[in-house]
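Quick note: the coordinates plus some simple rules give every number you see, no bench work behind them. Treat the numbers as computed from the prediction; the structure is a model and nothing was measured. Cβ coordinates were reconstructed from backbone atoms using ideal geometry, including for glycine residues, and neighbour counts include every protein chain displayed.
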Amino acid sequence: MSVVAHSVEPMKDQAREIAEQLRSADELRRFAEAQTLTLLCHLAEHDEVGYDDVIEVLAERKVVVGGIGTPAVSEFIGLELAGLLRCPPIVAASKLADALGLKHRHPRLYSAMQQGRIEAGRACKAASMCLDLPAESADAVTDRWIVTQEKLGWTGCRGQTRIGNLAPLSRRAHRAKTARAWRVDQPRPSQIYWFSPLGYRYEVTPGGTRMLA
């Protein structure tokens with residue numbers, strides 16, 4: 001038994017180290033995605049082709065790509081962004097529209113994204129659901145959503161939440177709990193804690209999963 005224990009501990013330490021590297025990589029991803037949206041806005045605000053550089057009749061026009069309440073930007077910026085982001089111009093224009101819409105129609109949501117309180121992808125998704133609203137109303141809606149986003153999923157979960165519908169639903173997850181490889185605790189109907197073999201603790205709610213320690 002002692003030989004097995006001594007051989008398992010180094011493997012567990014190595015797994016923990018890899019897990020930390022994975023967590024760091026994900027934090028970098030979240031930061032990079034938020035920073036990309038921020039820099040898209042900055043570039044759009046400063047990008048301009050001088051009239052001395054082009055034929056007058058073909059001089060750049062300003063176009064609105066981010067929806068009502070967003071500033072007009074150079075019609076040529078999509079070409080620049082396509083090269084920088086290594087994607088088709090239409091994809092680059094879509095990314096820019098998301099960024100400008102988030103910053104100028106949802107300033108409080110944009111600020112929450114920059115602070116790392118919410119992922120860029122979720123912020124853009126929430127903003128896209130408010131395209132038909134005036135800017136002031138859109139910002140108010142997503143500001144309320146920020147407060148509740150840890151309690152409500154995208155579909156607006158209703159009713160009692162149990163381990164059966166919050167915890168991973170696979171047979172493997174059930175076996176992991178039964179075999180005590182993972183421990184689970186449910187302090188209240190809408191909240192579940194999973195304790196991993198590597199010493200991490202995760203909170204699972206209808207809004208998703210987040211690491212606590």
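DSSP loop trypsin sites (Lys or Arg not before Pro) in region 72-151 with at most 10 other Cβ atoms within 10 Å of their Cβ, which ones?
Those that pass, being in a loop and sparsely packed, are Arg86.
Count charges around Ala138 for me, please; just the other residues with Cβ under 14 Å from its Cβ, Lys/Arg as +1, Asp/Glu as -1.
0
Measuring from label point to label point, each 7 Å out along Cα→Cβ, what is the Glu27 to Val184 span in nm?
Inter-label distance under the simple model: 2.9 nm.
Could you give the spread of the C-alpha atoms of region 67-145 along their three principal axes, from largest to smallest, in whole angstroms?
37, 25, 17
Which net charge results when you count Lys and Arg as +1 and Asp and Glu as -1 among the other residues whose beta-carbon is under 12 Å from that of Lys103?
-1
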